[in-house]
Protein chains: 2
Amino acid sequence: METEIPTIFSAKRTSFVRTSVIREILKLTVENSDILSFAGGLPNPHLLSKDILGSVMEATIRENIATALQYGDSSGYLPLRKQIIEELTDVPWNSPDSIIITHGSQQGLDILGKMFMDSDTNVLIEDPVYLGALQAFSPYHPQFFSVPMETDGPNLFWLEEILSQNKIHVFYANPSYQNPSTYTWSLEKRKQIASLLDEKEIILIEDEAYRYLDFEGNVYPSVSSLRKRNDLTFVLGSFSKILSPGFRLGWTVVPEVYRSLFTAIKQGNDLNSNQFSQVIVSKLLDEMDFKDHLRSIQRFYSEKKEILVSLMKNFLPEAKFSLPKGGMFLWVEYPKVSEKELMKQCLTSGVAMVPGSEFSPVKRTSSNFRMNFSFLGDVEMEEGVKRIAKVYRDINT
Amino acid sequence: METEIPTIFSAKRTSFVRTSVIREILKLTVENSDILSFAGGLPNPHLLSKDILGSVMEATIRENIATALQYGDSSGYLPLRKQIIEELTDVPWNSPDSIIITHGSQQGLDILGKMFMDSDTNVLIEDPVYLGALQAFSPYHPQFFSVPMETDGPNLFWLEEILSQNKIHVFYANPSYQNPSTYTWSLEKRKQIASLLDEKEIILIEDEAYRYLDFEGNVYPSVSSLRKRNDLTFVLGSFSKILSPGFRLGWTVVPEVYRSLFTAIKQGNDLNSNQFSQVIVSKLLDEMDFKDHLRSIQRFYSEKKEILVSLMKNFLPEAKFSLPKGGMFLWVEYPKVSEKELMKQCLTSGVAMVPGSEFSPVKRTSSNFRMNFSFLGDVEMEEGVKRIAKVYRDINT
């Protein structure tokens, strides 16, 4: 006898809503602390100084409480928008008006999906692609096309093929230390693709949530900054990886022609972003030596990456991955096993990773996993890799 | 010669996006401090004790920093969801699982719009209606029907007419101290409408953002709590009016069959609500005498209402309004003037109110304004009313 599934009334678009295995795994690991998790994209919360945070909170209560505890401008808190312009963006046509603060960069994705995507909108994405973008865009049900990725960016042959054979309206890309692959577009490819997008008049949604996570402190120019058509390019940024995801703040750099529409959609979504967090983050940026803070984050991630890389080489030499230039993940191929099987057995053995199929717009045959190295302690990381190695060998013999 | 309007590429739904005059006026009043504003729905930020907030922030840094600065469960922070169940909801089928924390109750409206509203969904709303709901729902372009309101709730004759002549799928209502009218459904009407909705199998989106703002401290049972069909009823709540809008937190009570869909949409929208604010609000609820705090808010609003009422009676006896039982607005009819004209002249004379047409799903002939009394000081309020009176008489003679 089959279980009866209740028929519920809902809008047609809900059949395109995607759930995230990541957040289900996250929930599992919170409930069961014995599971060692390489699954989340969790930054380390101890990288932010408690002392500075404490004094900033105190100052907020003393000096800015009326602003911090009130509704705010739908576009965001002006002092913070100015700081973003000065320190965290590179497009030459920037002004505080071009920055709209969002509830994490994820909200920017939802707003842009709502703004651009009908069922006849052709949207190009990377393969693999950031899962959150699929979640944000899917309910609007656009036609997805995907371009295969190489370690230095999209495969140009395929990109040109797709663009010449289809009218692509929007390209969503994550050019720096991409989630999940950590692939980073080379400067050369950035230039070529910028001019290709200009020529074809394609809207670019450039997700730069990982922009400042280069292990050496390098910062690539955004693809948007290399475009001539500054009316067709959006850049998304985030405080989650460089300060803390707890403040739930990001921003979108919005071309002038789209600003009033973007802000009106934002109003309908949530009126305005969290004012309390905006005031605190703005003060933090004032008080901290931000460049120094970034360097310490970058060093921390770089060291953690080294540790995971050497553990993998020692205990799982069969696994294949390219060395990332930044970010918080290894993108690992496990040969000769089924992805589903490996994931299931790993969870049973108390270790979690995210299966690559989660990030794929198309069916895959290879078995890939995204492994985070920023969250687990070194001892736990070793134990986790050993558990995976044991599961892998048990399946593979 | 006409101005050339740039043609921009965007999704079809964007032609239904509504902007809000309120937020434009708000911006104007922030930029020009000479304008006395009755326009916003701004709670008074000084009602929250700085000392308690300070000690809660300190405790958060000391005890909960790793949680507060991290990503969180898409459904919300569990301790906070438990507190909401215990103190701030009344439906009998409640459990912490039924509460999903949102980015203000406004986000709940957007999620429910996304979840239920296609172009062939019939949505019943009140007239007048909360503007933010129109902003949230309009991009999904449902068919709106509206029911005329009386001071004690919807006109029952018209409600039954509409329900018998049309298949209504969703009813959005704001039964307690409605924004903008402050009309509050009587217990009798709540019971009758609950059973009518059960009989017709209509989904209710019950917006209870103002639930605790009764001047006498009364709390009406939610319409949802009076329904038998607990699979067809959603209740939205908010911390904006009872603690602070700065924390940007609300919640939706979601029936079991819709929970996984609601959470998946929430993930696509923003991954999770602001974790930092959730931890602080949870601690605030622990530390404060919340009932006492509510009483002081209610008393404050009650006193402010008395002041505005007596100023209106003294300086503008022509204006008509019913006495509200709670909330933060007077809903005022100004006879024999054009709404547009009065608004324009008022702004020129340095005083702002929100025109009633903003809250109306249909064309109106009368001239109504929403006047907030919670934000201005008493002296400013008097000066503001005098300015309106002068403008009104100048137009009317």
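Considering every residue within region A:224-233, establish whether at least one is under 20 Å from A:Gln107 (Cβ atoms) and of a type outside the set (Val, Ile, Thr).
Within region A:224-233, the first condition is being under 20 Å from A:Gln107 (Cβ atoms), and the residues that meet it are A:224, A:233.
Then drop every residue that is not of a type outside the set (Val, Ile, Thr), which leaves A:224.
Yes: region A:224-233 contains one or more residues that are under 20 Å from A:Gln107 (Cβ atoms) and of a type outside the set (Val, Ile, Thr).
Could you list, in sequence order, all residues of region A:6-25 that are among the small types (Gly, Ala, Ser) and either surrounded by fewer than 19 Cβ atoms within 10 Å (Cβ to Cβ) or modelled with pLDDT of 90 or more (or both)?
So in region A:6-25, the residues among the small types (Gly, Ala, Ser) come out as A:10-11, A:15, A:20.
Within region A:6-25, A:Ser10, A:Ala11, A:Ser15 meet the criteria.
Based on this model, can you work out whether A:Ile297 counts as of a type outside the set (Asp, Glu), in contact with an Asp or Glu (Cβ under 6 Å, 6 or more places away or on another chain), in contact (Cβ under 8 Å) with a residue 40 or more places away in the chain and outside the structural domain of A:Leu243 (by TED's automatic domain parsing)? Reasoning before the result, please.
On the way: of a type outside the set (Asp, Glu): yes; in contact with an Asp or Glu (Cβ under 6 Å, 6 or more places away or on another chain): no; in contact (Cβ under 8 Å) with a residue 40 or more places away in the chain: yes; outside the structural domain of A:Leu243 (by TED's automatic domain parsing): yes.
When the stated conditions are applied, A:Ile297 does not pass them.
Specify the residue that is farthest from A:Gly113 (Cα to Cα); the eligible residues are those in region B:99-148 that are more than 12 Å from chain A (Cβ to nearest Cβ) and surrounded by fewer than 22 Cβ atoms within 10 Å (Cβ to Cβ).
Going residue by residue through region B:99-148, those that are more than 12 Å from chain A (Cβ to nearest Cβ) are B:99-100, B:124-129, B:143-148.
Those still in the list that are surrounded by fewer than 22 Cβ atoms within 10 Å (Cβ to Cβ) too: B:127, B:143-146, B:148.
Working: B:Asp127: 31, B:Gln143: 22, B:Phe144: 24, B:Phe145: 28, B:Ser146: 29, B:Pro148: 35 Å.
Across region B:99-148, the extreme among qualifying residues is B:Pro148.
Kindly indicate which of B:Ser273, B:Ser310, B:Ser260, B:Ser322 is touching a strand residue (DSSP E or B) at 6+ places or on another chain (Cβ under 7 Å) and small (Gly, Ala, Ser).
Only one candidate passes the filter, namely B:Ser273.
Against the condition in contact with a strand residue (DSSP E or B) (Cβ under 8 Å, 6 or more places away or on another chain) and either in the same structural domain as A:Pro142 (by TED's automatic domain parsing) or closer than 19 Å to A:Ser310 by Cα (or both), how does A:Met343 come out, does it pass?
On the way: in contact with a strand residue (DSSP E or B) (Cβ under 8 Å, 6 or more places away or on another chain): yes; either in the same structural domain as A:Pro142 (by TED's automatic domain parsing) or closer than 19 Å to A:Ser310 by Cα (or both): no.
For A:Met343, the condition - in contact with a strand residue (DSSP E or B) (Cβ under 8 Å, 6 or more places away or on another chain) and either in the same structural domain as A:Pro142 (by TED's automatic domain parsing) or closer than 19 Å to A:Ser310 by Cα (or both) - is not met.
Identify the residue in region B:26-47 that is free of Cβ contacts under 8 Å to residues at least 60 places away in the same chain and closer than 18 Å to A:Asn64 by Cα and, among all such residues, is farthest from the other protein chains (Cβ to nearest Cβ).
Going through the qualifying residues, I end up with B:Ser33.
Would you mind finding the one in B:Ser366, B:Ser357 that is assigned to a loop (DSSP other than H, G, I, E, B), touching a residue at least 12 places away in the same chain (Cβ under 8 Å) and among the polar types (S, T, N, Q)? Quick ask: steps written out before the conclusion?
On the way: B:Ser357 fails: assigned to a loop (DSSP other than H, G, I, E, B).
It is B:Ser366.
Taking interchain pairs and intrachain pairs at least six residues apart, which have beta carbon atoms under 8 angstrom, with the first residue in region B:60-76 and more than 7 Å from every other protein chain (Cβ to nearest Cβ) and in contact (Cβ under 8 Å) with a residue 60 or more places away in the chain and the second hydroxyl-bearing (Ser, Thr, Tyr) and assigned to a helix (DSSP H, G or I)?
B:Ser75/B:Thr263
Suppose we filter A:Asp286, A:Asp231 for residues that are more than 12 Å from chain B (Cβ to nearest Cβ) and more than 22 Å from the chain's Cα centre (by Cα); which single one remains? Before you say what the answer is, go through the steps one by one.
Values: A:Asp231 fails: more than 12 Å from chain B (Cβ to nearest Cβ).
Checking each option against the conditions leaves just A:Asp286.
Every residue, every condition in (1) closer than 25 Å to A:Leu42 by Cβ; (2) crowded, with 24+ Cβ neighbours inside 10 Å, yes or no:
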| site | (1), (2) |
| --- | --- |
| A:Asn174 | yes, yes |
| A:Gln178 | yes, yes |
| A:Lys189 | no, no |
| A:Gln192 | no, no |
| A:Glu201 | no, no |
| A:Glu208 | yes, yes |
| A:Asn218 | yes, no |
| A:Lys228 | no, no |
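Can you tell me which of A:Leu42, A:Leu28 is modelled with pLDDT under 85, surrounded by fewer than 22 Cβ atoms within 10 Å (Cβ to Cβ) and assigned to a helix (DSSP H, G or I)?
Only one candidate passes the filter, namely A:Leu28.
Take B:Leu112 and tell me if it is touching a Ser or Thr at 6+ places or on another chain (Cβ under 7 Å) and not basic (Lys, Arg).
So B:Leu112 fails the test.
What's the total number of residues in region A:7-25 that are in contact (Cβ under 8 Å) with a residue 60 or more places away in the chain and in a helix (DSSP H, G or I)?
The number of residues fulfilling the criteria is 6.
Matching residues to (1) among the polar types (S, T, N, Q); (2) in contact with a Leu (Cβ under 9 Å, 6 or more places away or on another chain):
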residue: A:Thr29; (1), (2): yes, yes
residue: A:Asp51; (1), (2): no, no
residue: A:Ser74; (1), (2): yes, yes
residue: A:Tyr77; (1), (2): no, no
residue: A:Gly108; (1), (2): no, yes
residue: A:Lys114; (1), (2): no, no
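So is B:Thr19 under 20 Å from the mean Cα position of the chain (by Cα), not aromatic (Phe, Trp, Tyr) and not assigned by TED's automatic domain parsing to the domain that holds B:Gly250 or not? Quick ask: steps written out before the conclusion?
Numbers: under 20 Å from the mean Cα position of the chain (by Cα): yes; not aromatic (Phe, Trp, Tyr): yes; not assigned by TED's automatic domain parsing to the domain that holds B:Gly250: yes.
Yes: the conditions hold for B:Thr19.
Find all pairs meeting these conditions: Cβ atoms under 6 angstrom apart; at least six residues apart or on different chains; first residue within region A:214-228 and under 23 Å from A:Asp198 (Cβ atoms) and in contact (Cβ under 8 Å) with a residue 24 or more places away in the chain; second residue of a type outside the set (A, V, I, L, M) and assigned to a helix (DSSP H, G or I).
Final answer for the pair search is A:Val223/A:Arg190; A:Leu226/A:Arg190; A:Leu226/A:Lys191; A:Arg227/A:Asp198; A:Lys228/A:Asp198.
Right, B:Ser10: more than 7 Å from chain A (Cβ to nearest Cβ), farther than 30 Å from B:Val385 by Cβ and touching a helix residue (DSSP H, G or I) at 6+ places or on another chain (Cβ under 9 Å) or not?
Working: more than 7 Å from chain A (Cβ to nearest Cβ): no; farther than 30 Å from B:Val385 by Cβ: yes; touching a helix residue (DSSP H, G or I) at 6+ places or on another chain (Cβ under 9 Å): yes.
Taking the combined requirement at face value, the residue does not satisfy it.
When you look at B:Glu318, is it in the same structural domain as B:Val30 (by TED's automatic domain parsing), of a type in the set (Asp, Glu), out of contact with any Leu (no Cβ under 9 Å at 6 or more places or on another chain) and part of a loop (DSSP other than H, G, I, E, B), yes or no?
On the way: in the same structural domain as B:Val30 (by TED's automatic domain parsing): yes; of a type in the set (Asp, Glu): yes; out of contact with any Leu (no Cβ under 9 Å at 6 or more places or on another chain): yes; part of a loop (DSSP other than H, G, I, E, B): yes.
It is true that B:Glu318 is in the same structural domain as B:Val30 (by TED's automatic domain parsing), of a type in the set (Asp, Glu), out of contact with any Leu (no Cβ under 9 Å at 6 or more places or on another chain) and part of a loop (DSSP other than H, G, I, E, B).
Within the bounds of region A:178-185, is there any residue that is farther than 27 Å from A:Val21 by Cα and polar (S, T, N, Q)?
Checked region A:178-185: no residue is farther than 27 Å from A:Val21 by Cα and polar (S, T, N, Q).
Would you pick out the residues in region B:234-283 that are farther than 21 Å from B:Phe116 by Cβ, within 11 Å of chain A (Cβ to nearest Cβ), assigned to a helix (DSSP H, G or I) and touching a helix residue (DSSP H, G or I) at 6+ places or on another chain (Cβ under 6 Å)?
Correct list: B:Gly246, B:Phe247, B:Gln275, B:Phe276, B:Ser277, B:Gln278, B:Val279, B:Ile280, B:Val281.
Return yes when B:Ser244 is over 19 Å from B:Thr67 (Cβ atoms) and in the same structural domain as B:Asn94 (by TED's automatic domain parsing) and no when it is not.
Details: over 19 Å from B:Thr67 (Cβ atoms): yes; in the same structural domain as B:Asn94 (by TED's automatic domain parsing): yes.
Criteria met by B:Ser244.
Take the residues of region A:50-59 that are at the interface with chain B (Cβ under 8 Å from one of its Cβ atoms) and crowded, with 16+ Cβ neighbours inside 10 Å: which is farthest from A:Ile280 (Cα to Cα)? Don't jump to the end; show me each part of the working.
Step one: of region A:50-59, the residues at the interface with chain B (Cβ under 8 Å from one of its Cβ atoms) are A:50, A:53-54, A:57-58.
Keeping just the survivors that are crowded, with 16+ Cβ neighbours inside 10 Å gives A:53-54, A:57.
Details: A:Leu53: 8, A:Gly54: 10, A:Met57: 7 Å.
Out of the qualifying residues, it is A:Gly54.
The values are calculated or read from the model by the stated rules, or taken from the named source; none is laboratory data. Please read all numbers here as calculations on a predicted model, not as lab measurements. Positions of Cβ are generated from backbone atoms using ideal geometry, with glycine treated the same way; all protein chains shown enter the neighbour counts.
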